[in-house]
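The values are calculated or read from the model by the stated rules, or taken from the named source; none is laboratory data. Keep in mind that this is a model prediction, so the values were computed, not measured. So basically every Cβ, Gly included, is an ideal-geometry build from the backbone, and we count neighbours across all protein chains shown.
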Amino acid sequence: MSDPKPSTFKGPLRGQLLFAIVFLVAALLLLSQLGEETKWAKRTKFFAQPRFWPAVSIGGMVLFGGLHLWKLPRRKFVTADYAEWKIWFLGIEWVVWFLVYVLLVPIFGYLPVTLLFMPLMSWRMGYRDKQMLWISAAFGAAVVILFKSLLDVKIPGGMVYEYLPGSLRSFFILNF
Amino acid sequence: MELLLSSFDILARWDVLLALLAGSVGGVLIGAIPGVGPAVAIAILLPATFSMDPIVGLTVLLGIYGSSMYGGSIPAILINTPGTAVNALTTYDGYPMTTRGEARRALSLAYSSSFFGGIFSVVCLILFAPVLAKIAPMFGSREIFLAALLGLLLVVVAHRGQALIAAALACFGIFLNTVGLEPVKYSKRFTFDQSFLSGGVDLIVVVLGLFALSQAFFLLQGEDEKVRMTKLRGGMFQGFRELVRHPRVAGISGTFGVLMGMIPGVGEFTAQFLSYTYAQRTSKRPQDFGHGSSEGLIAAETANNAVPAAAMVPLLALGIPGEALTAMMLSVFYVHNVVPGPQLFQNQMDFVVALYLALLVLNVLVLIFLLFATNHLIKVVKIPNRFLGVCILVLSFVGVYSLRNSVTDCLIAACFGIFGFVLKRLSLPAVPIILGMVLGGIMEVKLRAGMARVKTPFDFIDRPVAMILFLMILGVLFIHFRHLWLERKKTKEAKWSTKHASTNFGMHLLRRKDYLLKERGRKVREKHLKYNPRSTDKR
């Protein structure tokens, strides 16, 4: 492990070491699975082997990932690294929001969930005034109308639409 | 003439015209909002365009690609924040003009230069289309493999200071493309017996994760920036008059844009860098560059807007995308079973020319829109970043979920979103992953086909185009390693020149270590101590 040294490396140094280590370890794990997860076909030319391109790509990941780790200007964890990991970890919150949204749409329908999700998320982000919440709801409605109603993008109708009466049910399933 | 008429015939449809209008206005808006960019917009809109005709879908995407750079110059000039990454050089001369109270002059100059760049490249390419149609059939499997390899290599070496990790990420992209069933032997590759991996990793899911979701996470995790806007004064047409006074800079910058755009993996940044350097070196007032020089602004904006049309050349003629945006567009072709490549140039030349004409019309539409709507348009710059993040998150859902209505796709996209978020935090490039995925697939198919007729390794490069491409690959590698060697030399010199005297004294002692520890050395030191006793010694 060494101190920062003059280097041509571009970008911030915080967090680079952990990323490089994880990348290399992942590449090595994939390399260890190469024999299990790919086949060597008999009577087939070398370049046409099913294993050829996975081997080239994982070999490249190990080689270049290893060189990148070796050439990093700082190979020692410092306080800034821990702060950076915390930011990466906190980013998972947005993944959870996104996945909850994804899971709720097929149940409660695209329009109702989007109309609820946009203001809720805006509230979470700290926009508490009424105008911003209305704008976010309007944006949500506009997205649904543009993509589902006008551009006919394939998003299924919500399960709750089944409980709507007659023609309203099919109208909602088709458009919202 | 007949070709032009049949191309017009393809374009003369209300849905194509509507797509042109939507693409141009949407592209300008997206470009003008810092933090969105054309890659995010194209990624989100991709699945929506699958249900459209190829020409309509491509026109929308091409519209966003071609017009976003016009919009990107607005925040670059007014608030010193480039709207799209390629407008970074515009801030050098655009923002100083704004601080001098010449914001409208800078905007007008940027619009007119962009317009010139756009039109110049389209005209060049329409004129050269017949030549390209003759060259394209010379590309067989081996040549396309070598061109794809060259493109990948150029993308990697273009990331100066990050070439190693860019190469590793490109290899990761190639690996992602190999996951799933192998197309010839139908054997499973890295599926880990999971059914969702049997079909492979979908390019659109990766694109949406790496470009759209990661950007949403990045904005949500960041802070809102306070924006101070400048009021615009003066006419919008003065830029044209000024542009006419610098025909040489505009012409050369446009040419650089066209040439660099045509080479896969090079793109806007190199074109801008070359034209800006050229403009500065040949200018009568080089000291003004970076302080509000009109020539600098012309060079930057002309070069970047000349690229989109040229970037379509490797995509249409060889089926090789040169950068992330054209890689995304390739999927539109595949969905509609239109295979871009030499056959497209030979059999559907009218389709190719129609795309170029669409770009021509697009530039006119964008210019008209900007000349009259800039005053209202600048308000979009004020949209708070975190709110934009929420909007991108909701829009990304449309992109991922509408593909197959699959929650697994959304989960994979979210994982790539986090990966892209980490890459963004570390300022590492995501583009090599996408190009690795796209070019990796092309390289696998073409190498297999090319090697079938090859007996000795030299046979692979015995055709003239293959030999030229091979020499170009060697040339790129040579230039890169030479650059690395020079950089290393410079770093070493800098290290030595900043060394402290104490370090030198330590080194001096180290070199004399053996002598000093020997019997003779001890005697000499003892003798010297007689004349120079230590203060702690007993007397």
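Scan the stretch A:8-25 for residues that are more than 7 Å from chain B (Cβ to nearest Cβ) and touching a residue at least 12 places away in the same chain (Cβ under 8 Å) and the total you get is 7.
So that you can scan it fast, the table gives a plain yes or no per residue for (1) outside any helix (DSSP H, G or I); (2) within 14 Å of chain A (Cβ to nearest Cβ); (3) modelled with pLDDT of 90 or more; (4) crowded, with 24+ Cβ neighbours inside 10 Å:
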{"site": "B:SER121", "(1), (2), (3), (4)": "no, no, no, yes"}
{"site": "B:ILE126", "(1), (2), (3), (4)": "no, no, no, no"}
{"site": "B:ARG142", "(1), (2), (3), (4)": "no, yes, no, yes"}
{"site": "B:ILE165", "(1), (2), (3), (4)": "no, yes, yes, yes"}
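Evaluated against (1) closer than 17 Å to B:PHE175 by Cβ; (2) among the hydroxyl-bearing types (Ser, Thr, Tyr); (3) more than 11 Å from every other protein chain (Cβ to nearest Cβ), A:THR79 falls short on exactly one condition, (1). May I ask you to verify whether A:LYS148 is of a type in the set (Lys, Arg), in contact with a helix residue (DSSP H, G or I) (Cβ under 7 Å, 6 or more places away or on another chain), within 11 Å of chain B (Cβ to nearest Cβ) and touching a residue at least 24 places away in the same chain (Cβ under 8 Å)? Answer is yes for this residue. The combined condition, being crowded, with 24+ Cβ neighbours inside 10 Å, part of a helix (DSSP H, G or I), more than 15 Å from the chain's Cα centre (by Cα) and among the aliphatic types (A, V, I, L, M), is fulfilled by B:LEU58.
Just one of the numbered conditions (1) modelled with pLDDT under 90; (2) more than 30 Å from A:LYS10 (Cα to Cα); (3) out of contact with any Ser or Thr (no Cβ under 8 Å at 6 or more places or on another chain) is not true of A:THR79: (2).
Would you pick out the residues in the stretch B:35-49 that are buried (at least 24 other Cβ atoms within 10 Å of the Cβ) and over 14 Å from B:LEU61 (Cβ atoms)? Matches in the stretch B:35-49: B:VAL36 only.
Being farther than 30 Å from B:VAL205 by Cα and either of a type outside the set (Phe, Trp, Tyr) or more than 12 Å from every other protein chain (Cβ to nearest Cβ) (or both), is that true of even one residue in the stretch B:431-450? Within the stretch B:431-450, one or more residues are farther than 30 Å from B:VAL205 by Cα and either of a type outside the set (Phe, Trp, Tyr) or more than 12 Å from every other protein chain (Cβ to nearest Cβ) (or both). Screening B:THR81 with (1) buried (at least 24 other Cβ atoms within 10 Å of the Cβ); (2) within 20 Å of the chain's Cα centre (by Cα) gives one miss only, at (1). Somewhere in the stretch A:76-90, is a residue of a type in the set (Gly, Ala, Ser) and buried (at least 18 other Cβ atoms within 10 Å of the Cβ)? No, the conditions are met nowhere in the stretch A:76-90.
If you filter the stretch A:45-61 down to residues that are more than 7 Å from chain B (Cβ to nearest Cβ) and modelled with pLDDT under 90, you find that the one that is surrounded by the most Cβ atoms within 10 Å (Cβ to Cβ) is A:GLN49. Every listed requirement among (1) closer than 30 Å to B:VAL313 by Cβ; (2) within 14 Å of chain A (Cβ to nearest Cβ) is met by B:GLY257 save one, (2).
Listed by position, the helices (runs of 4 or more DSSP H) enclosed by the stretch B:425-539 that each have at least 3 residues that are within 45 Å of the chain's Cα centre (by Cα) are B:431-451, B:464-497. Within the stretch A:118-135, the set of residues being surrounded by 19 or more Cβ atoms within 10 Å (Cβ to Cβ) and more than 7 Å from every other protein chain (Cβ to nearest Cβ) comprises A:PRO119 only.
The helices (runs of 4 or more DSSP H) falling completely within the stretch A:23-123 that include 3 or more residues that are within 24 Å of the chain's Cα centre (by Cα) and of a type outside the set (Phe, Trp, Tyr) map to A:52-71, A:79-90, A:92-108. Does A:TRP94 count as within 8 Å of chain B (Cβ to nearest Cβ) and in contact with a helix residue (DSSP H, G or I) (Cβ under 7 Å, 6 or more places away or on another chain)? Here the answer is yes, as A:TRP94 does meet what is asked.
Pairing each residue of the stretch B:467-492 that is closer than 14 Å to B:ARG160 by Cβ and within 10 Å of chain A (Cβ to nearest Cβ) with any residue that is surrounded by 11 or more Cβ atoms within 10 Å (Cβ to Cβ) and of a type outside the set (Phe, Trp, Tyr), provided the two are 6+ apart or on different chains, yields C-beta distances under 6 Å for B:GLU487/A:THR8; B:THR491/A:PRO6.
Of all residues in the stretch B:257-292, those satisfying the criterion of being of a type in the set (S, T, N, Q) and buried (at least 23 other Cβ atoms within 10 Å of the Cβ) are B:GLN272, B:SER275.
Looking only at residues that are assigned to a helix (DSSP H, G or I) and facing chain A (nearest Cβ under 8 Å) in the stretch B:404-414, which one is farthest from B:SER198 (Cα to Cα)? Selected residue: B:ALA414. The test for being closer than 26 Å to A:MET61 by Cβ and among the aromatic types (Phe, Trp, Tyr) does not hold for B:PHE397. So how many residues does the stretch B:318-337 have that are part of a loop (DSSP other than H, G, I, E, B) and surrounded by fewer than 19 Cβ atoms within 10 Å (Cβ to Cβ)? Count: 2. Apart from one condition, B:LEU181 fits all of (1) farther than 22 Å from A:PHE46 by Cα; (2) at pLDDT 85 or above; (3) more than 8 Å from every other protein chain (Cβ to nearest Cβ); the exception is (1).
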